[in-house]
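Please read the structure below before turning to the comments.
Just so it is clear, none of the values below were taken in a lab; they were calculated from the coordinates. Keep in mind that this is a model prediction, so the values were computed, not measured. As a convention, Cβ positions derive from the backbone with ideal geometry for all residues, glycine included, and neighbour counts pool all protein chains shown.
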Amino acid sequence: MTKKEKSSIADDLLNIYSGILFNNQNFENQINKPIKYDFDCIEYQELIEKYELDKIAGRGSSFNRAKRLLHYLAPKLKHSSWYDNHIECNALKLLEYSFGNDEQGINCLNKSKILEECCLALGIYARRVSIMPFSPYDFDNHVVCEIYDEGMGKWIMLDPTTDGLFVDINKKPLSLLEMREKFANNDFLTFVPSINRLSDLNKLKERYSEMNAYICKNLFYFKIGLECKFGVSKDYLTFVPVGYSLKKNTIANIKYRLNHILEEYKDMVPSLEKKLKNMNTYEEPKKVNIQVMLNLPIGN
């Protein structure tokens, strides 16, 4: 298949995914819980000193400092979609395991945890966000970071798996909700590598058509840890469009995975079957007001 043919298919898929977002722009509003950001974890100092984070981030805005961290870390973290999450989920343990080691790749979930904690260690508001697809018949979702830039007064998405972000027609970096809205309304936006000079956005949009479609697919709903800190949050907030049942779609997804599992992953069947059984007592989680994702983090 030629590049032109691949790009054409990606554009067709983007139109479908954008249409799904267009028809699901209103979010549930059951509870209002603020996200908490912890800058006082004692492990941060070790993280800063061991990896010279302050030197790498340099001076400037939160966005520019976080973008330098992104570009430094991303190429040194080998990607593995099949990483089994066996390493304790914090930046110190994950970097010790994977940093600069092509034999020990990690997935987007853990790469985003590293970037989140490195930013928090330097006093930059950051959160790891799981971005989720509409269809239950999908093996894949993605995980990225958002950082808050005080100068721009907004959140900005950074992706440590691709070393990139999204910008609009005016070259302004975008948050996840801004990306979702622009995709839904067929407005211009495109993925860009973190150090790109953005000289020709139309060429970049054409070059990254598959990435644009992929991210659009995964912007249907969101999950964020209640506490952004060193280590894993015990509780998670879900932001879901009106009328979408997480329980119903999770059950359908587990059944889909069981029916389509590859031979080399048959050892996962018992855990999937147990998860499916546990869904009998699973309660539909309360959906959080989408305004929480827009709120300024100052004062949390």
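Once every DSSP H run of n ≥ 4 in the chain is given -39500 (n - 2.57) and the sum is divided by its residues, what mean residue ellipticity at 222 nm do you get, rounded to the nearest 500 deg cm²/dmol?
-12000 deg cm²/dmol
With the crude spin-label approximation of a point 7 Å out along Cα→Cβ, what separation in nm comes out for ASP54 versus HIS260?
Here the modelled spin labels are 5.0 nm apart.
Using alpha carbon centroids, what distance separates the range 52-131 and the range 184-262, in Å?
Spelled out, the Cα-based centre of one part sits 18 Å from the other.
Using θ = phi - 60° and the Karplus form 6.51 cos²θ - 1.76 cosθ + 1.60, what ³J(HN,Hα) does each residue of the range 187-192 get, whole Hz, x for Gly and Pro?
Once rounded to whole Hz, the list reads 8, 6, 7, 7, 5, 9.
Evaluate the distance, in nm, between pseudo-label points positioned 7 Å from the Cα of ILE9 and of ASP168 along their respective Cα→Cβ axes.
Here the answer is 3.3 nm between the modelled labels.
Non-local amide H neighbours of THR190 (under 5 Å, H modeled in plane, Pro and chain starts lacking H): which ones?
When sequence neighbours closer than 5 places are left aside, the close amide H contacts are VAL167.
Obtain the nm distance between the two label points defined at VAL232 and SER80 by a simple spin-label model: each point lies 7 Å from its Cα along the Cα-to-C-beta direction.
Placing both labels 7 Å beyond Cα along the Cβ direction yields 1.7 nm.
For the range 100-166, which GluC sites (Glu not before Pro) pass both filters: DSSP loop (anything but H, G, I, E, B) and at most 14 other C-beta atoms within 10 Å?
The qualifying sites are GLU103, GLU150.
Pick out which of PHE63, PHE139, PHE222 has the largest mean-square fluctuation in a Gaussian network model of the chain, springs linking Cα atoms closer than 10 Å.
PHE139
Would you please state which residues of the range 226-261 a label at GLU96 would reach in this model, taking the label point 7 Å out along Cα→Cβ and a backbone N cut-off of under 15 Å?
231
Step through the table entries LYS76/LYS172; LYS78/LYS275; LYS78/LYS286; LYS36/LYS205; LYS3/LYS286, compare each Cα-Cα distance with 32 Å, and write down the pairs that go over it.
Beyond 32 Å: LYS78/LYS286; LYS36/LYS205; LYS3/LYS286.
Just to check I understand the Karplus step: with θ = phi - 60° and J = 6.51 cos²θ - 1.76 cosθ + 1.60, what whole-Hz values come out for the range 98-109, glycine and proline as x?
Per residue, the Karplus-derived 3J(HN,Hα) values read 10, 4, x, 10, 5, 7, 10, x, 9, 9, 5, 4 Hz.
How high is the relative contact order of the range 1-157, given as a whole-number percent (alpha carbon pairs under 8 Å, six or more residues apart)?
Worked out over the range 1-157, it gives 20 percent.
May I ask you to derive the relative contact order of the chain, considering only C-alpha pairs under 8 Å and at least 6 residues apart, and to give it as an integer percent?
So the answer I get is 26 percent.
Looking only at ASN90, ASN170, ASN249, which one moves most when the chain is put into a Gaussian network model with springs between Cα atoms under 10 Å?
Fluctuation is largest for ASN170.
Could you tell me the relative contact order of the range 86-151? Use alpha-carbon pairs under 8 Å, at least six residues apart, and round to a whole percent.
Over the range 86-151, the number comes to 27 percent.
Please check: in the Gaussian network model of the chain (C-alpha springs, under 10 Å), which one of LEU109, LEU246, LEU219 has the largest mean-square fluctuation.
LEU246
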